[in-house]
Every structure is written in structure tokens, then in C-alpha cells.
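Just below is one structure, and these are the notes that go with it.
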Amino acid sequence: MAMASRFWASKAASYLKISTFNRAFASVVKDLRYADSHEWAKIDGNSATIGITDHAQDHLGDVVYVELPEVGVAVTQGSSFGAVESVKATSDINSPVSGKVVEVNQELSSSPGLVNGSPYEEGWIIKVELSNTNEVKSLMDSDQYSKFCEEEDNH
């Protein structure tokens, strides 16, 4: 019984925190690059770790499922490679860069809420070996992305 009430209490606390915490705009990480479809890429040499932004997860609401691609699949900049399903909607995840998927975050299969709770760290979605490093130049930096989100939210 103690376990059940503790589980209920943590669910209630989580729900209340998410429901009552209203912020002006989402956090943006300085060293990442951003797509206008609200995915981020952390570039490290010839590889990129990819996820959805804090702004995106905030608008989606509680994520309940993440559709992951297979390792070895080719992704193309601007094209969908998976989907995020939330209590509000299902949205495609577009790759900010082109390349080959070398790793997927299997933790998301059992804990899709990591996308909400830690979108830039534990909630990463895939890692890609880049096929064209020049594509990174077309992505926004943190300042450009912050301005983009502010303008988008005002329309």
C-alpha cells in the first residue's frame, strides 16, 4: 500500500508541476544547432546527437511514446525519421542533418517522458554519423533559435 500511495503522490506532484509551471519561453542551450522544425543537434566532429527542443516538448505536452528508427537507417536533413506522441498530438521528428543512424536512445521506449524532463540530455533521440558536415551551417545558433521561437509564439 505504501508503494501505491508513493507512486500516486509522485504522479500527482509531476502532474501539478507540469500543469502549473508556466514560463515565458523555453530554455535554449548555447552550444547546440537548431532546425526551424524544433529539433536540436549537438555536433561533435563527424557525428551529431539529435533530439527535440525544450520549446517543442513544452508545446507537445506529456510525451507518451517515441517512434525510433533502426540503427543503420539513412536520415536526410529536413525529412522525418520518427515521431513523438503526446497527450495532445503526434508530431514527426525531422532530422536537422543528413547521415546514418549509429545509435538510438532505447531508454525512450520505456521512459518517453525523458523527452519532457531532460530534452537536451537524457531525452536525446538518435546519434548520426554525418554525411555532409556543410549542412550544419544552415542550422540556427541558440540566439537565432530563441528569436525564432519568440516570433513564432507571437503569431
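How would the stretch 104-155 be classified by its alpha-carbon gyration tensor: rounded, prolate or oblate, with rounded meaning a/c under 1.5 and the a/b versus b/c comparison settling the rest? Cα axes put the stretch 104-155 in the oblate bin. The trypsin sites (Lys or Arg not before Pro) found in the stretch 22-80 that occupy coil by DSSP, while having at most 14 further C-beta atoms within 10 Å, are Arg23, Lys30. Length available on full extension from Asp31 to Lys88: 0.36 nm per residue minus the Cα-Cα distance, which gives 17.5 nm.
Add +1 for every Lys or Arg and -1 for every Asp or Glu among the other residues with Cβ under 14 Å from the Cβ of Thr90, and state the total.
Local net charge: -3.
Cross-link reach is defined here as a Cα-Cα straight distance under 13 Å, omitting same-chain residues fewer than 8 places apart; for Lys88 the aspartates and glutamates meeting it are Asp58, Asp62. Averaging the sequence gap over all C-alpha pairs within less than 8 Å and six or more residues apart, then dividing by the number of residues, gives the stretch 33-153 a relative contact order of 31 percent. Straightening the chain between Val71 and Asp143 buys 22.7 nm, computed as 0.36 nm per residue apart minus the Cα-Cα spacing.
Bear in mind these aren't lab numbers, they're just calculated from the coordinates by the rules spelled out. Here the structure is a predicted model, which means the values were calculated and not measured. All Cβ positions, even for glycine, are placed from backbone atoms using ideal geometry, and neighbour counts span all protein chains on display.
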